[in-house]
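Just below is one structure, and these are the notes that go with it.
Read the figures in this text as sums done on the coordinates, not as results from a lab. Keep in mind that this is a model prediction, so the values were computed, not measured. So basically every Cβ, Gly included, is an ideal-geometry build from the backbone, and we count neighbours across all protein chains shown.
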Amino acid sequence: MCTSSENFPIPNVGFFSRKCVRHFLTSDTRIAYLDLRPMGTPHAGADDGSVIRQQQFKKTAVMVMSKADAFTQAGKTAVLQNIQGTLQFLQRFPPFNQMEHAHLAYLVEQCQLRFYAPGDSIIKPADGPVEHFYIVKQGRVVGERPHTAKGGTETTFEITTGECFPLAALLGERATRTEHLAAEDTFCLQLNKLAFIKLFALSSTFRDFALRGVSSLLDQVNQQVQQKAVETLGTQYSLNTRLGELAMRHPVTCNPATPLREAVTLMHEQQVGSIVVVDEHKAPLGIFTLRDLRHVVAAGTNDFNEAIERHMTQAPFFLSPDHSAFDAAIAMTERHIAHVCLVKDQRLCGVVSERDLFSLQRVDLVHLARTIRSAQRIENLVLMRGEIGQLVERMLAHGASSTQITHIITLLNDHTVCRVIELTLADKGDPGVPFSWLCFGSEGRREQTLHTDQDNGILFEARDAAHAAEIRGKLLPIAQQINQSLALCGFTLCKGNIMAGNPELCLSRAEWARRFAAFIREATPESLLGSSIYFDLRVVWGDEQGCEQLRRGILDQVGANRLFQRMLAENALRNRPPVGRFREFVLARKNGEKATLDLKVQGLTPFVDGARLLALAHGIETNNTLERFRQLVAKEIIQPLDGAAYEEAYHFIQQTRMQQHQLQTRENLPYSNRVDPDSLNHLDRRILRESLRQAQRLQSSLTLRYQL
Amino acid sequence: MSLFSWLRPATPLLTEELQQRLKRLPVVAELGECSLREQRWVVLDLETTGLNLNRDRVLSIGAVVIEDGAIDFSQQFERTLQCADMKLAPSVLIHGLGPSAIAAGSDPAQALLDFMEFLGDSPVLAFHAPFDQHMLGRALKDHLGYKLAHPFLDVADIAPLLCPQAQIREAGLDEWIDWFKLEVFERHNASADALATAELALILFSRARQQQIHSPLNLQQRVSQWKRRQHAPSF
């Protein structure tokens, strides 16, 4: 796994300047540091290190003392005060905070500290292959790239205290493509290429950071999120755990002919809630659970000697042991089951129960979903909203990502909406007209958080305008009732009245189609805003065919209308990510409060709008933003690297937003999407900035694509 | 014994090895016309037992090197001088060097010679340089019988010369650190002070170039002019 040898051909001996040699002549400690390197450790890069070292030793053979002497010498020589100070400074920042002390000390000792006045060029393309690695000790460095279209230059990035550059150019052994300039009085620690190479070979942490850049930081953040949530809740295992590790090794099984009494006895003895019925090859034929037993008893069966196959649930749902705990949780929620069989090579190899998944929880996802679906009164649903909040907190604790959580919230919200509709129909009486309940906006994209309001409508089939009006008359009272009930359940009423109870949103398929066509044809500011809400439509309850036809209509029309696409692109540029040319973040100050930025409008919306535009323009049917990016990559409309970067960035902003919401709930504050970057820790703040920059990149790619 | 021999200072007794090393020290040159960047500088800070130029003694030496226009972390000097009969004085609170640290220090002659070898023929930069120059000069004379002839430039003079807009009179190192918004590590020893002074010097060299001061000699001349003007009575 020695990746470094490809990236780093060993520099020829000429690279050793007079100066490098002098270091070895004057300081014994340096030799000691070199040898502190864990020899023969399984870490990669050992080859490079030893070759470089040999060369150095050849050069300075006269001066080199035995290794034992070097160690004693190192012990005697106290670390110089200033080296110590710089070490402590670097230890405030990743990846240096995770590097071994000896490696970090080596880095610092090899450094030079340089000063740059504002406007001073630090490195530029004309300098040729990059010879140094830089860490900003104080100040700010900006990247200026010549602007191809407009002339002049544009700032492509900012680098501040504790950050380093130019990794890509250094690793690629090429010149930088961007001129790096000091934006203010700036001090940089400068490490020569030779020392960088050695460090790269010595420290796996440093190597990982250099190769993966910001992505490796994102991993750290995710670990941090889990850790924080785990600290609050005191449980640990991840939703990404393989099911194979969670499941009972030896599931309780029996054959189809086993008498009911015997099977139940077996379950009782083994203290389990289910028994799997298998054939002679251990393939699962059915499952019998305590719930089935309840049915049997309630049905008044007297003969407990009947074969179990008469009472089991046939063809039980199964997953492979390689699926994750999250997959199982979702399956249980969707299917209202409490047990999932694990099957490998058509043989049963385990069973996962909901108790295995949420062993320590009082309320769990599956239970919650089932309770929602069987709630008898609206009041019961209202009570359950609080439990959804708790569930989200636990999901974070179990390492769920923001995508998983929005998925779960959407799922539970869908269940709630369906149940509200069912209860209302039972209460008000069935109107006798089939209809579909639509949702738009974030609900349509399956990106809901707990902080959500209603965006819904009704779709039905009608022969003509008169027929449509007649049906509308029947459906409106029911729709209004549903809206009110949903409001009780925590779905805030829509301020813009985008609700099914509004006559303009309770339409036949022909009326919807006409309305959408007008949006695309007219392209007024209102219709553009409308398209950004309505074109993410989805059916929550009822038949889905009508909605699919509407969607295909939209895709065809948008795909053929370049002008509308251009307007959408302009629209997608309205919300500029708050990263500035000259400051870390550009923040809005409201009523003398502390300066904040809006994670939703300024962070997520650029991604959502961009993804929608590109998806609509290229006939992609899915609504979910991340899914849209994936399909855009699959269709080669955006580069895989860009897609991955957008996805990561979107994901991180959403995660930050949710943590924010959780925090607000815990402190009894009203929900808000505004965040003060200063309240984030250093790592989060830095990644948030990078994420917002990705939004900026997406926007500039739209500018280019649509020549705005 | 000559009649006047008591007037001559007693030459300290040095081992053969130290005498040899002393002889090999380079001859010091005047400041030249090379560029500020080409010049190797040694930035010095001393901790002393007090501020009395005649009575107090050097306790520790901290120095960093500016070479090729950058502070080179691989060249640093840090020594505490052994001082057998030191009394506990209030200055302990400032330099933080307790009697035990002093007792564990290096032999002064040895340490001073080490420093002179580290210094080579480079000019010295220090904050309030005359004090360091005097204290170091006296220590070298007492312990090595060596006459310090290296040029010293005072950063406390260069700073107001190049930044007259600062309007801070009699500013100390801390004031200048604040003025330039320097983020320095905890300063409680000679090395850290030397590093802070060196960072200040890097900024000042950058300002000097902007003001068409390109050589060390040029800088020295401008400092002298500025000082004369400061001392001249104003009308």
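Odds and ends about this structure:
- A:Ile637-A:Asn255 pseudo-label distance in nm [points 7 Å out on the Cα-to-Cβ vector]: 5.7 nm
- Global geometry of the stretch A:411-568, whether rounded, prolate or oblate, following the gyration tensor of its Cα atoms and the 1.5 cut on a/c: oblate
- Segment A:Arg242-A:Ser679, extension gain: residue separation times 0.36 nm, minus the distance between their alpha carbons: 153.8 nm
- Contour excess over end-to-end distance, with Cα ends at A:Ala517 and A:Glu262 and 0.36 nm allotted per residue: 85.3 nm
- Prolate is the label for the stretch B:35-231. Its Cα gyration tensor axes, ordered a ≥ b ≥ c, give a/c of at least 1.5 and a/b above b/c.
- Electrostatic tally near B:Leu204: other residues with Cβ closer than 12 Å to its Cβ, Lys and Arg +1, Asp and Glu -1, net -1.
- Counting Cβ atoms of other protein chains within 10 Å of each Cβ in A:643-650 and taking the mean gives 0.
- This ranking places A:Thr524, A:Thr625 by how few other beta-carbon atoms lie within 10 Å of each, fewest first, which gives A:Thr524, A:Thr625.
- Stretched out straight at 0.36 nm per residue, the stretch from A:Ser701 to A:Asp464 would grow longer than its current Cα-Cα span by 80.9 nm.
- FRET efficiency estimate (nearest 0.05) - Cβ-Cβ, B:Phe185 to B:Glu30, R0 25 angstrom: 0.10
- Taken along the Cα-to-beta-carbon direction at a fixed 7 Å, the label points for A:Glu100 and A:Ala595 span 4.3 nm.
- Loop sites in the stretch B:99-160: trypsin sites (Lys or Arg not before Pro), DSSP, at most 14 other Cβ within 10 Å: B:Lys147
- Here is the list for the stretch B:133-235: GluC sites (Glu not before Pro) lying in DSSP coil, each with at most 11 other C-beta atoms within 10 angstrom of its C-beta, are B:Glu170, B:Glu186.
- Separation in nanometres of the label points that stand 7 Å from Cα toward Cβ, at A:Asp322 and B:Arg138: 8.1 nm
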